[in-house]
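The values are calculated or read from the model by the stated rules, or taken from the named source; none is laboratory data. None of these values were measured; they are calculated from a predicted model. Every residue, glycine among them, receives a Cβ derived from its backbone with ideal geometry; neighbour counts consider all protein chains shown.
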Amino acid sequence: MFHIQICQSSEQPGWLPLRQALWPDASEHEHRDETAQQLKAPQRYINFVAYDIQLHPVGFAEASLRTDYVNGTESSPVVYLEGIYVIPQQRRQGVAARLIEHVAQWGRENGCVEMASDTGVDNLTSQATHKALGFEETERVVYFKRAL
């Protein structure tokens, strides 16, 4: 069993370590800056942490409301799953599904009829997780740049 809480502080137990596990290339300072910015805009961002019965953090999800064009969608606003992570020993226990349902409910409460997300073309684990959570692939994109 586990329960889910909305993050209301950058000091929310588990939020920072779970973010660092999902996005290890960012520094602690960068994570703290991002969480602070999200907390300043609760009308645009929502963050949830899942806890086990001993109150240990076991997963988190971050989402935003997007009114710009979101690839593969047909409506606006769209609830956009920015990130989701469950610790390895709690995977396949329904934690991610419950987190996604909380994100979806927040999206519905904010007028969304679609949820979107993305992952890397080579991130097969994330692709499989998205599909298991009810997402369908809409397109694949390779971005280019050129210095001027």
Practice task
Could you list, in sequence order, all residues of the range 1-59 that are among the β-branched types (V, I, T) and under 12 Å from I87 (Cα atoms)?
Solution key: V49, V58
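Count, please, the residues in the range 81-95 that happen to be over 17 Å from I6 (Cβ atoms), touching a strand residue (DSSP E or B) at 6+ places or on another chain (Cβ under 6 Å) and either surrounded by fewer than 22 Cβ atoms within 10 Å (Cβ to Cβ) or of a type in the set (K, R) (or both).
The number of residues fulfilling the criteria is 2.
Being over 12 Å from the mean Cα position of the chain (by Cα) and either surrounded by fewer than 21 Cβ atoms within 10 Å (Cβ to Cβ) or within 13 Å of G134 (Cβ to Cβ) (or both) is the filter here; which residues of the range 63-80 pass it?
Within the range 63-80, R66, T67, D68, Y69, V70, N71, G72, T73, E74, S75, S76, P77 meet the criteria.
Mind checking whether some residue in the range 12-20 is among the polar types (S, T, N, Q), crowded, with 17+ Cβ neighbours inside 10 Å and at pLDDT below 90?
Checked against the condition, which is being among the polar types (S, T, N, Q), crowded, with 17+ Cβ neighbours inside 10 Å and at pLDDT below 90, the range 12-20 yields at least one hit.
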Handout entry: Residue list for the range 92-130, restricted to those being at pLDDT 90 or above, over 30 Å from A41 (Cβ atoms) and either of a type in the set (D, E, K, R) or in contact with a His (Cβ under 6 Å, 6 or more places away or on another chain) (or both)
Key = R92
Practice task
Having 3 or more residues that are touching a residue at least 24 places away in the same chain (Cβ under 8 Å) and farther than 28 Å from E139 by Cβ is the bar; report the strands (runs of 3 or more DSSP E) wholly within the range 1-101 that clear it.
Solution key: 2-6, 45-52
Practice task
For residues that are of a type in the set (F, W, Y) and within 15 Å of the chain's Cα centre (by Cα), scanning just the range 89-148, find the one that is nearest to Y69 (Cα to Cα).
Solution key: F135
Fill in the blank from the handout: The residue that is surrounded by the most Cβ atoms within 10 Å (Cβ to Cβ), considering only those in the range 102-121 that are touching a strand residue (DSSP E or B) at 6+ places or on another chain (Cβ under 6 Å), part of a loop (DSSP other than H, G, I, E, B) and of a type outside the set (S, T, N, Q), is C112
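So which of Q8, Q38 ends up being out of contact with any Ser or Thr (no Cβ under 9 Å at 6 or more places or on another chain), modelled with pLDDT under 95 and of a type in the set (S, T, N, Q)? Quick ask: steps written out before the conclusion?
Working: Q38 fails: out of contact with any Ser or Thr (no Cβ under 9 Å at 6 or more places or on another chain).
None of the others qualify; the one that does is Q8.
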Completion exercise
When (1) surrounded by 14 or more Cβ atoms within 10 Å (Cβ to Cβ); (2) closer than 14 Å to W15 by Cα are applied to L55, the one that fails is (1)
